[in-house]
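Input: a single structure, listed below in structure tokens.
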Amino acid sequence: MLTLLIIIVALALLFDFINGFHDTANAIATSISTKALSPKFAIFYAATLNFVGAIYSSEVAKTVGGKVANPATIDNGVQIVIAALITAIIWNLITWYYAIPSSSSHTLIGALAGAVIAGAGASSVNWAGFKEIIIILVASPIVAFATGFIIMWIIRQLIFASGNHSRSKLNRMFRIFQIFSAGLLSLSHGGNDAQKAMGIIVFGMVALGYQTTLDVPLWVKLCAATAMGLGTSIGGWKIIKTMSKKLIKIEPINGFASDLNSSIVIQVSTAMGMPLSTTHVISSSIIGTGAVMRFYDVKWATVTKMVMTWIITIPISMVLSFLIYKIVFHLTT
């Protein structure tokens, strides 16, 4: 049992590490694009605040660990966790390789559901809890686009009302603002994303009988926070390029608005204890704020490619996890 726990923790931390460099672009793409922060400092800055953000809450972890299925009552819980993590790792690496900003949340939730169906049957899935998570995952980018559009529109109106139309002065001012908004976004990212690895570790610990509640031990928080921080420090340069250049030309003003809006949406979801895709939220914020600036300059072909990836991630993860579970079960029994 200890060996199985070590395998689960190692896979979860590997997932968290990959999530760190896969989603580095979330917090720093806009500030790098506008030269508000240098790439090296931006990655160090994001890594540090990702670590801090991962420590301060555990409600999202409890949702991931118990909403999709009850680890205390399902059969073959260990193999289910292993299959889900392997699937999530594979999909994250594939989308990173092709520089597609995909969702680690969609991947993990879909993979967990698929593995539960394979190992314990469809009746073991808590479909009400699964549906609740999916609603948040689907609704959050729509909300982020709308609120990003509104925040950017308000900022523009305030600027015009002030009479300060000097582009160079505005750029200098909003680059300073971006230092703080990028930090807030990194903190928010760590507070939501790192908890997914914590939740899956707790799922495995309950399935193995090491604990009976979904409370997250301190050592799990520290390990997940460290893995996220180290992954972030590597830097996901391919996805940073997509986020910062291939959606729309980012200026300091809409870079700041995107970061601020994304932080608000993520923090609200974290307070509700719900996982969301920080990638989807930030991408949608960039598109929403950019549409206010120059609607026709948004690279809608890239947006379409991203949205298609978002749509297929959950079903592909469920199918892949179902198949991987069969292999894992065969090898471990």
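Starting with the highest mean, order 257-270, 194-207, 141-154, 167-180 by the number of other Cβ atoms within 10 Å, averaged over the residues of each peptide.
Working: 257-270: 25.4, 194-207: 27.9, 141-154: 19.9, 167-180: 15.0.
The most tightly packed comes first, giving 194-207, 257-270, 141-154, 167-180.
As a fraction of the 1.4 Å probe accessible area of segment 107-205, surface on carbon and sulfur atoms comes out at 72 percent.
As a check on your grasp of the helix formula, calculate [θ] at 222 nm for the chain: sum -39500 (n - 2.57) over DSSP H runs of n ≥ 4, divide by the residue count, round to the nearest 500.
Working: 13 runs with 268 residues, N = 333.
Helices in the chain give a 222 nm mean residue ellipticity of -28000 deg cm²/dmol.
Taking a ≥ b ≥ c as the square roots of the eigenvalues of the Cα gyration tensor, an a/c ratio of 1.5 or more together with a/b no larger than b/c marks segment 85-153 as oblate. The structure shown yields P(r) over Cα pairs in 10 Å bins from 0, in percent, and of the options [x] 7, 29, 34, 19, 8, 3, 0, 0; [y] 5, 19, 20, 8, 5, 7, 11, 13, 8, 2, 0; [z] 6, 25, 33, 24, 10, 2, 0 that calculated value carries the label [x]. Taking 7 Å steps out from each Cα toward its Cβ at ILE135 and LEU158 produces label points 3.3 nm apart. One quarter of the surface of the convex hull around the alpha-carbon atoms of segment 1-152 equals 10.8 nm², the direction-averaged projected area. Averaged per residue, segment 39-149 has 36 square angstrom of accessible surface, using a 1.4 angstrom probe with ligands and nucleic acids left out.
May I ask you to list, by number, the DSSP H helices of the chain whose Cα span along the axis is at least 27 Å and whose average Kyte-Doolittle hydropathy reaches 0.0 or more? Before the final figure, lay out the partial values.
On the way: long enough: 2-22 (29 Å, 2.18); 77-97 (30 Å, 1.74); 127-162 (52 Å, 1.70); 167-208 (59 Å, 0.53); 252-271 (28 Å, 0.61); 300-332 (46 Å, 1.44).
Long hydrophobic helices here: 2-22, 77-97, 127-162, 167-208, 252-271, 300-332.
Which order do LEU11, LEU108 take by accessible area at a 1.4 Å probe, largest first? List each step's numbers first, then the result.
On the way: LEU11 35, LEU108 0 Å².
The residues order as LEU11, LEU108, largest area first.
The values are calculated or read from the model by the stated rules, or taken from the named source; none is laboratory data. Keep in mind the model is a prediction, meaning the values are calculated, not measured. Don't worry about glycine lacking a Cβ; one is built from the backbone with ideal geometry, like all the others, and counts go over all protein chains shown. When the accessible area is computed, the model is the full protein with side chains, heavy atoms only, and any ligands, DNA or RNA have been set aside. Shrake-Rupley method; radii C 1.70, N 1.55, O 1.52, S 1.80 Å.
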